[in-house]
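The structure appears below as structure tokens.
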Amino acid sequence: MGVLYDYFRATDHTTAVDQAVGPDGDWLRGTPLEESGADWIDAKGLDPNIVLGKLVAYAEGIPFTDQPDTPALIWPEPPYPQGEPTDPDSPWTTGLVLQQLPDRWRDILADLPEDAVPMVAAQWYDTEEAGFADYLDAKDTVGTFTALAVRARTAGDHLYCRCSL
């Protein structure tokens, strides 16, 4: 089993933590995103830092290495453990991480013209870390991300990614 990534929209950090982790960050009382009422997508192994970052760069028409911003870690909160976490009561032992995507990324994806999707998908399909089944898989996934970004921006929401091991 690999790392799984779920992307969703929420009004603020508190709501995102409640939906993706559990009430007030209590991961022991958390519920799945589908039961929390979140508008979310299951992106399997598409990580936010590299794979989604490349999609945003392609949509913006810049090299990935020129990407000026990256997702921000919002849960677990500091203090960060030194070395391997050993405290069973530490949120760092859950294998769960929550990041907020830059609003600029949301807006770039929301503004991607429909006629640009095929070319962006063709570039993204070649992303080694993504492992798309085929070009159509990449194209459908671009459409899924852009639709979520549109819904988020329309509602004034931010985009988040829940990573779970």
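Quick rundown of the values:
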| item | result |
| --- | --- |
| Label-point separation in nm, residue 89 to residue 35, each point 7 Å along Cα→Cβ | 2.5 |
| Nearest-0.05 FRET efficiency for residue 69 and residue 144, computed from C-beta distance (R0 25 Å) | 0.70 |
| Accessible area (Å², per residue) of the chain, counting only protein heavy atoms and a probe of 1.4 Å | 52 |
| Segment residue 49-residue 114, length gained on full extension (0.36 nm per residue, minus Cα span) | 21.0 nm |
| Cα convex hull volume per residue for the chain (Å³) | 125 |
| Scattering profile of segment 74-124 at q = 0.20 Å⁻¹ [log10 I(q)/I(0), Debye over alpha-carbon scatterers] | -0.74 |
| Residue 155 paired with residue 104, simple spin-label distance in nm, labels 7 Å along Cα-to-beta-carbon | 2.5 |
| Portion, in percent, of the accessible area of segment 59-165 that falls on carbon or sulfur, probe 1.4 Å | 52 |
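The values are calculated or read from the model by the stated rules, or taken from the named source; none is laboratory data. Note that the structure is a prediction, hence the values are computed from the model and not measured. Don't worry about glycine lacking a Cβ; one is built from the backbone with ideal geometry, like all the others, and counts go over all protein chains shown. SASA here: full protein model, heavy atoms, side chains in, ligands and nucleic acids out. Shrake-Rupley method; radii C 1.70, N 1.55, O 1.52, S 1.80 Å.
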